[in-house]
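Just dropping this structure here.
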Amino acid sequence: MLIAIPRIPKVLFLSGKGGVGKSTDSTMTAEALAKDLKVGLVDLDVDCPNVLQFLSNPPTCQKTDTKGMHPGACGNLQVVSLAFELPKGMSMLRDGKWRAQMVNEMVSNIAWDPMPNVVVFDMPPGTNEVHTTILQYPDIIGAVIVTTGHPASLEDAARAIDMLHKQSFFSPGYPNGVPILGAIDNMSAVVCPKCSTRTVLFGKDDVQTALGIPVIAQINFVPGKGVDPSHFEAVAGLIKKKLEEWK
Ligand SMILES: Nc1ncnc2c1ncn2[C@@H]1O[C@H](COP(=O)(O)OP(=O)(O)OP(=O)(O)O)[C@@H](O)[C@H]1O
Ligand SMILES: [Mg+2]
């Protein structure tokens, strides 16, 4: 059963395939948005939560009391993640029912302070009960599909897109499916620091044709934590435009 919550616009980062950059791209987009908006970032990867690893300035704690979960805060950004609470190295041997309950908690029982203008959700891989639970909530203003150009990633991304279309089948809030903002083509190429030669890493370098949705950003593979934050301005800009339309 869904719990009544204040209307907060939500953006989902999902991919189907694991390890393609959802956590990297969702945290960097949340940080770009937080330059001038109040932003929530919710880590719905409840088995292996790791958004804190990708934030440039991760908050140190979150607490839970009778009012709900109190996010960890850093400036305009409030972060909700089980990583704050789980002992490092401990596996989550839980079933789908627990995961769905956790999603309900992390969507509807957060003591936001202040209320964010938008909440970014970092999704786990797959198309499972975490996804089907969040997709039953209203006010999802858009989904960002993160993929590489590898055929396996594109195949799984297509399944994630199909799930967003199928949602119209059982969620009256999205008569035309959950809106898709576009794709992030992540780890698309490496650029030689000496000669600037661009080498495509996977596939045919045409995510747009493969998935039939626009590419919002093409992010090169950069070793270490060197992904350029300016790439996420375009993604943040698109989300801000959607927020204006949503008002
Ligand atoms: N553009 C990039 N350049 C270099 N490394 C990257 C890039 N994007 C992501 N990575 C690295 O790839 C790995 C996987 O990224 P990330 O954890 O964001 O993927 P994910 O889709 O969230 O994975 P999961 O499905 O397990 O949640 C991380 O080590 C991350 O630092
Ligand atoms: Mg992740």
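The values are calculated or read from the model by the stated rules, or taken from the named source; none is laboratory data. Just so we're clear, the structure is a prediction, and the values are computed from it rather than from any experiment. Positions of Cβ are backbone-derived with ideal geometry, glycine not excepted, and every protein chain shown enters the neighbour counts. Calculation scope for accessible area: heavy atoms of the full protein, side chains included, ligands and nucleic acids excluded. Shrake-Rupley method; radii C 1.70, N 1.55, O 1.52, S 1.80 Å.
Mind checking which pairs have a first residue in the range 58-71 that is under 20 Å from V39 (Cβ atoms) and a second that is of a type in the set (K, R), Cβ under 6 Å, 6 or more apart or different chains?
Pairs that qualify, where the first residue is under 20 Å from V39 (Cβ atoms) and the partner is of a type in the set (K, R), are H70/K63.
When you go through G182, G149 one by one, which is the residue that is in contact with a Phe, Trp or Tyr (Cβ under 6 Å, 6 or more places away or on another chain), within 30 Å of K35 (Cβ to Cβ), away from ligand 2 (no atom under 16 Å from the Cβ) and open to solvent by less than 40 Å² (accessible area, probe 1.4 Å)? Let's see the steps before the verdict.
Values: G182 fails: in contact with a Phe, Trp or Tyr (Cβ under 6 Å, 6 or more places away or on another chain).
Step by step, each of G182, G149 is checked, and only G149 is in contact with a Phe, Trp or Tyr (Cβ under 6 Å, 6 or more places away or on another chain), within 30 Å of K35 (Cβ to Cβ), away from ligand 2 (no atom under 16 Å from the Cβ) and open to solvent by less than 40 Å² (accessible area, probe 1.4 Å).
Need the failing condition index for S188 against (1) in contact with a helix residue (DSSP H, G or I) (Cβ under 6 Å, 6 or more places away or on another chain); (2) touching a residue at least 24 places away in the same chain (Cβ under 8 Å), just the number.
Looking at each condition in turn, S188 falls short on (1).
Taking the residues in the range 22-40 that are open to solvent by 10 Å² or more (accessible area, probe 1.4 Å) and near ligand 1 (Cβ under 8 Å from one of its atoms) as candidates, determine which candidate is nearest to P125 (Cα to Cα).
Going residue by residue through the range 22-40, those that are open to solvent by 10 Å² or more (accessible area, probe 1.4 Å) are 22-24, 28, 31, 34-38.
Next cut, near ligand 1 (Cβ under 8 Å from one of its atoms) only: 22-24.
Numbers: K22: 9, S23: 10, T24: 13 Å.
Only one residue tops the list, namely K22.
Does the range 185-243 hold any residues that are at positive phi and either within 17 Å of the chain's Cα centre (by Cα) or not small (G, A, S) (or both), and which are they?
We begin by selecting, within the range 185-243, every residue at positive phi; these are 187, 196, 203, 205, 212, 224.
Across the range 185-243, the qualifying residues are M187, D205.
Then there is this: Could you list, in sequence order, the residues of the range 141-173 that are closer than 21 Å to T24 by Cβ, among the hydroxyl-bearing types (S, T, Y) and assigned to a helix (DSSP H, G or I)?
If the condition is that a residue be closer than 21 Å to T24 by Cβ, among the hydroxyl-bearing types (S, T, Y) and assigned to a helix (DSSP H, G or I), then S153 is the only one that fits.
To continue, here is another question. Looking at I110, I134, I141, which is the one that is away from ligand 2 (no atom under 16 Å from the Cβ), among the hydrophobic types (A, V, I, L, M, F, W, C) and within 22 Å of N176 (Cα to Cα)? Outline the logic, then answer.
Details: I110 fails: within 22 Å of N176 (Cα to Cα); I134 fails: away from ligand 2 (no atom under 16 Å from the Cβ).
One residue alone meets the criteria, I141.
For V79, work out the one condition from (1) closer than 28 Å to D185 by Cβ; (2) within 16 Å of ligand 1 (Cβ to nearest atom); (3) without any contact (Cβ under 8 Å) to a residue 60 or more places away in the chain; (4) not in a strand (DSSP E or B) it doesn't fulfil.
Of everything listed in (1) closer than 28 Å to D185 by Cβ; (2) within 16 Å of ligand 1 (Cβ to nearest atom); (3) without any contact (Cβ under 8 Å) to a residue 60 or more places away in the chain; (4) not in a strand (DSSP E or B), V79 misses just condition (4).
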